[in-house]
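Single-structure report; data block below.
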Number of protein chains: 4
Amino acid sequence: MSKNRIEAFSDGVLAIIITIMVLELKVPDHAAQLSDLRPLLPVFLSYILSFAYVGIYWNNHHHLFHAMETTSGGIMWANLHLLFWLSLVPFVTGWMGENDFAPAPTALYGCVLLLAAMAYWTLQGAILRRHGSDSLLARAVGKDIKGKISPAIYLAGILCSFLSPWLAGAAYVLVALMWLVPDRRIEHALARTGLPGSRG
Amino acid sequence: MSKNRIEAFSDGVLAIIITIMVLELKVPDHAAQLSDLRPLLPVFLSYILSFAYVGIYWNNHHHLFHAMETTSGGIMWANLHLLFWLSLVPFVTGWMGENDFAPAPTALYGCVLLLAAMAYWTLQGAILRRHGSDSLLARAVGKDIKGKISPAIYLAGILCSFLSPWLAGAAYVLVALMWLVPDRRIEHALARTGLPGSRG
Amino acid sequence: MSKNRIEAFSDGVLAIIITIMVLELKVPDHAAQLSDLRPLLPVFLSYILSFAYVGIYWNNHHHLFHAMETTSGGIMWANLHLLFWLSLVPFVTGWMGENDFAPAPTALYGCVLLLAAMAYWTLQGAILRRHGSDSLLARAVGKDIKGKISPAIYLAGILCSFLSPWLAGAAYVLVALMWLVPDRRIEHALARTGLPGSRG
Amino acid sequence: MSKNRIEAFSDGVLAIIITIMVLELKVPDHAAQLSDLRPLLPVFLSYILSFAYVGIYWNNHHHLFHAMETTSGGIMWANLHLLFWLSLVPFVTGWMGENDFAPAPTALYGCVLLLAAMAYWTLQGAILRRHGSDSLLARAVGKDIKGKISPAIYLAGILCSFLSPWLAGAAYVLVALMWLVPDRRIEHALARTGLPGSRG
């Protein structure tokens, strides 16, 4: 019940974040050639990347909360903290896209990704502490190797931004691809228990 | 449970897409005559068409997920992929409307419809594979004739755009009308089983 | 189940409509005196009126669907049709407010209210037909006097717009006040049955 | 049921309010230096403050409705009244941020906070009246000291705005910090009853 409402609020915020980013794709006025869209290409590429990232966060959030059994005030605030950093994704996406992947915007994009990753890590930690190290959830999260590697790659991307923004972009794409491979750990741990909905 | 949250997220995204399109209807400043709205007419017509399309997708999505019994990581990503193409509808609607159905915007509008249709087809395929060819869902979807004809008409519309944008528009309207006739297949298959909610 | 998802989608759309209207209250740049807000006063007044109207529609929609037992494709489309007209409320609110209740925008505002009222009437009719004249819902809706008077007042308001926009505004306020008095009919009919949630 | 839909609608509105505020952080066009973001700093600071406030309202709303057992038309309208004042938060946040915490915008920001606090107080009162002074909810809310102190601090902040906007800002931050400490009253009262979800 309590959990359902946190999920509903998070779904709402994530749905709005993923959708208002498209408002940065500003319709060119009285410009009806395909070539008029060329300046929008970097904005569109950064839109795809950010859409994938918000989708990944929604997906991981979904799995984490699916396995969660109880909530607390601390978990609620850790969740809002994650949503705060994700709410900045449309801004940094627009800044990076409209400036054609210039160094500072590309670095700031990585910073927001890094801070969101740290917020997710805090949220996961708060949930794990509440469930104990023997819980199904703790076994499902396991060593969380992806979660530990991602911040390092973000950091490398941020530093690369001032040398080669495209290399930074490649780092961000790499992390996204790493996560797009569905995270089967929680699914598998749940499947073994035979809980309802455990196949999803 | 898992299914409910995918539905909730999809409902959120579709609700935002269908509503932010109206922001393209920009209020004319200090222009208070009805005639000041005349330039907005093509934007309004394209808004009606896109509203109908998003409504159709929501309706079909609703029926498809209503009959679905289990989810998977693949289904989640196929669903996000569909939402991605639909999230571009406000942009192409605005571009087409503000340029008075010029060839390139009208063709691009059709391309986004075509890609959304292919994404829906992929999603439906992923769900069907999970449920098996003997499932209620597979019998309900059946031969899916509308789903096979639509992409062909979109393609015809895209090609027509450069000859006569109005012909292309007529093609898009035709597909919308074809789908606005309520899809009774799934409703009927469900009704025969006497499942709860099967009348809807 | 099916009903829940129509409610969720409608809640999403109505929540977005009621909230994006505030975007018409454009922040005056580099103008930090209270007097700089004076030009926003008509926009703010029309915002209050439209917020009340969307709230009334949400409230009535809530009661209508609360008493509803089954859905159908027709009900879904009648619901989308209502949402379509309500989605135009932010546009006409902005146009009326930014032009200081000029005749044409004030008349158009009334037209959208009238069309939304007719769409609600159609939706209610579709639901009643499905439930039969003996149903709890039919008894609860009863003679629906408010629903029959409102369109007449809207029409009077639209005609007044060209004589005195303030008189038209008064007509719209009158209808809103008439509905703001909570509609106890459905609540009472439900309360008599002792259904769960029937006090709300 | 009835309660669930009020929660869903409120979650939707609060999710949109908290997210559209980020649209005030306007992407600087063709300005790709970190220093180009400096003018956005006051907008960003006011965004953080407002994000915290909307989060606090969502959190308190969540606890209040969690303990609520029945609804009524009056509660619904009291809830919409609260959402109305909160819907103005993005506007006053933008006005305060873009004018670098000038006196009038800072005072107006406090007024909206004060009116939202009074609307929350009205909503809480309407819910308490319906549940009676012996109810779990009444015991959980208790003396509501925070709720009584907050309006006084807002008022002090509003008056300070014309002397020192930064002092006013400090007052608003103080109230936010006071509420960010999780409100354990309702959690504890629920925990003692052993109700499901009572740990959250």
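Here are some notes:
- Across D:Leu174, D:Leu159, D:Leu37, mean-square fluctuation computed from a Gaussian network of chain D (C-alpha pairs under 10 Å connected) peaks at D:Leu37.
- Shielding by partners - mean other protein chain Cβ count within 10 Å, residues of B:81-91: 4
- If you take the Cα centroid of the stretch C:67-125 and the Cα centroid of the stretch C:140-163, the two points sit 14 Å apart.
- Three-way shape call for chain B based on the alpha-carbon gyration tensor, with the a/c threshold at 1.5: prolate
- Euclidean distance of C-alpha centroids, the stretch C:1-46 and the stretch A:9-57, integer Å: 22 Å
- Nm distances between copies for D:Ala152, ranked from closest, using label points 7 Å along Cα→Cβ: 5.5, 5.5, 7.7
- Neighbouring Cβ atoms from other chains, within 10 Å of the Cβ of residues in B:63-72, number 2 on average.
- Exam field: C:Leu167 pseudo-label spacings to other copies (7 Å along Cα-Cβ), nanometres: 5.3, 5.3, 7.5
- Of A:Met96, A:Met21, A:Met178, the residue with the greatest mean-square motion in the GNM of chain A, using alpha carbon springs below 10 Å, is A:Met178.
- Helix A:103-131 and the longest principal axis of the Cα set of chain A meet at an angle near 10°.
- Residue list for the stretch B:22-53, given a label point 7 angstrom along the Cα-to-Cβ vector of C:Lys26 and an amide N cut-off under 13 Å: B:26-31
- Farthest positive-ward along chain D dipole, Cα basis, beta-carbon charges - from D:Pro42, D:Tyr109, D:Ser2: D:Ser2
- Of the residues D:Ile145, B:Ile18, the one with the largest accessible area comes first in the ranking D:Ile145, B:Ile18, computed with a 1.4 Å probe on protein heavy atoms.
- Cα long-axis angle, helix D:41-67 against chain D (0 to 90 degrees, to the nearest 10): 10 degrees
- Accessible area of chain B belonging to carbon and sulfur atoms, whole % at 1.4 Å probe: 68 percent
- Cα shape, the stretch D:1-104, gyration tensor, a/c 1.5 rule: prolate
- Hits among lysines - C-alpha to C-alpha of A:Lys26 under 22 Å, sequence gap 8 or more where chains match: B:Lys26, C:Lys26, D:Lys26
- Here the average projected area of the convex hull drawn through the C-alpha atoms of the protein assembly as shown stands at 33.1 nm².
- Residues considered: B:Ser72, B:Ser35, B:Ser135. Largest GNM mean-square fluctuation over chain B, using C-alpha springs under 10 Å, is found at B:Ser35.
- Cβ-vector label at 7 Å, C:Ala31, separations to other copies in nm: 2.0, 2.0, 2.8
- The A-B contact accounts for approximately 3300 Å² of buried accessible area, totalled over both chains at a 1.4 Å probe radius.
The values are calculated or read from the model by the stated rules, or taken from the named source; none is laboratory data. Please read these numbers as outputs of a predicted model, since none were measured by experiment. All Cβ positions, even for glycine, are placed from backbone atoms using ideal geometry, and neighbour counts span all protein chains on display. To get the accessible areas, we keep the full protein, side chains included, count just its heavy atoms, and leave off ligands, DNA and RNA. Shrake-Rupley method; radii C 1.70, N 1.55, O 1.52, S 1.80 Å.
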